[in-house]
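Below: the structure, in structure tokens.
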Amino acid sequence: MPGKLRGIALTLAMVLVAVGVAAWSGGWFATPPAGTPAQAATISDDAGDDWATTTFDGPMVRKRAAIAVHPARDADREHVRAELRAAAKADGIGELTDVSFAVFSKEMLTYLVPEVAVVLPEGVPVQRAEAFMRDRQPGDVAFYITQNVLVHDVTFAVMTTGVTPEQAKQREDAEGILSDSLNHYVTTVQPAGLTVGYFGPLLSDGEIGKVREAMARAAGTSADRVTVSATSPGEGVDLSNGVPELNATGEHQGH
């Protein structure tokens, strides 16, 4: 994930330099659509016990295989993460990305709130995740569950007015709204504005609205000037007809 965000940041930086302030009337920083116009899908929000709606789907929503881990007693969670990352590389899976437990289904979270949660690279099936854990389960993992999940992988962007991009970032950090709404995100100062990369549990339209408003306040502009776009190319997941069948797999007791 960090590598992906660095690549996105470089690309957006070049776009910002090219378009300049005149880009407000069109192009990448044009007023964004409200989201998919079709009927919104009902999905678990970040709290895990309430329900929200999102119309920011398609390429902005991705299906990923995830692993929920309950470490053994007294195990170090960072050590468990390091073991999983090393095993995934050795097994040819690639980079694992840390993610909030809130990506997992509401049903699973009723009996397990994982202390460690990671997602596999896009395109790796959940069956591969199951086989990986079966063959390479670290000794300090007491219990794990593999499951397909949906995540938001989005980039927010805004051009500043009357303040520098660095000042806008300072305002954004001081207010703390993004921390409350997104929990984990990466803000990048661009030549003409800010980009915020988010990868995690699905955000409701309301939460996305709060983020846009907070970024707009920090940048000295209006919320409709804060764009929301997919971080990665590809079709993503259409939620206009509801949440698709994710074909979650079973669970396994560890050592």
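Mind pulling up the Rg/Rh value for the range 58-184? Radius of gyration and Kirkwood radius, both on Cα. Mind showing how you got there, number by number?
Details: Rg = 17.5 Å, Rh = 16.4 Å.
So for the range 58-184, dividing Rg by the Kirkwood Rh gives 1.07.
Quick one: of K106/K169; K63/K106; K169/K210, which pairs are farther than 26 Å apart, Cα to Cα?
Values: K106/K169 34 Å; K63/K106 16 Å; K169/K210 16 Å.
With Cα atoms farther than 26 Å apart: K106/K169.
Arranged from highest to lowest average of other beta-carbon atoms within 10 Å per residue, in what order do the peptides 101-107, 142-148, 74-80 appear?
Values: 101-107: 18.3, 142-148: 21.1, 74-80: 12.9.
Ranking, from highest mean packing down: 142-148, 101-107, 74-80.
What ratio of Cα Rg to 2.2 N^0.38 Å holds for the range 130-255? Kindly include the intermediate steps, with their values, before the conclusion.
On the way: Rg = 18.9 Å, N = 126, 2.2 N^0.38 = 13.8 Å.
Compactness ratio reported: 1.36.
Heavy-atom accessible area of D57 with all protein chains present, probe 1.4 Å, nearest 10 Å²?
10
Over the Cα atoms, compute the radius of gyration (one decimal) and Dmax (the largest Cα-Cα distance, rounded to a whole number) for the range 121-189, in Å.
19.3, 56
Sequence neighbours fewer than 8 away in the same chain don't count; with that in mind, list the aspartates and glutamates whose C-alpha is under 19 Å from K89.
E78, D98, E122, E130, D135, D140
I need to check one value: relative contact order of the range 102-255, counting alpha carbon pairs closer than 8 Å and at least 6 residues apart, in percent.
34
Before I look further, what does the range 132-227 give for accessible area per residue, probe 1.4 Å, in whole square angstrom?
On the way: 3400 Å² over 96 residues.
The answer is 35 Å² per residue.
Mind checking the full-extension length gain between D135 and T161? Use 0.36 nm per residue of separation minus the Cα-Cα distance, one decimal, nm. Provide the component values of the computation, followed by the final result.
Details: separation 26, 0.36 × 26 = 9.36 nm, distance 5.42 nm.
The span from D135 to T161 would gain 3.9 nm if fully extended.
Please give the peptides 218-229, 191-202, 83-94 ranked by average Cβ packing (other Cβ atoms within 10 Å per residue), highest first, as a rough proxy for protection.
Working: 218-229: 19.8, 191-202: 23.0, 83-94: 15.6.
Per-residue mean Cβ counts within 10 Å order the peptides as 191-202, 218-229, 83-94.
Working out 0.36 nm times the residue gap between N241 and L112, then minus their Cα-Cα distance, what length gain in nm do you get to one decimal?
Values: separation 129, 0.36 × 129 = 46.44 nm, distance 2.86 nm.
Result for the pair: 43.6 nm of gain on full extension.
Can you work out the FRET efficiency for the pair R77 and S222, with r the C-beta to C-beta distance and R0 = 45 Å, to the nearest 0.05? Don't skip to the answer; put the middle values down first.
Working: r = 42 Å, r/R0 = 0.92.
Once the sixth-power term is evaluated, E becomes 0.60.
Taking 7 Å along the Cα-to-C-beta vector as the label spot, tell me the D205-A90 distance in nanometres, rounded to one decimal.
If labels sit at D205 and A90, their model points lie 4.8 nm apart.
The values are calculated or read from the model by the stated rules, or taken from the named source; none is laboratory data. Just so we're clear, the structure is a prediction, and the values are computed from it rather than from any experiment. Using ideal geometry, Cβ is built from the backbone for each residue, glycine included, and neighbour counts are taken over all protein chains shown. These accessible areas exclude ligands, DNA and RNA; they are computed on the full protein's heavy atoms, side chains included. Shrake-Rupley method; radii C 1.70, N 1.55, O 1.52, S 1.80 Å.
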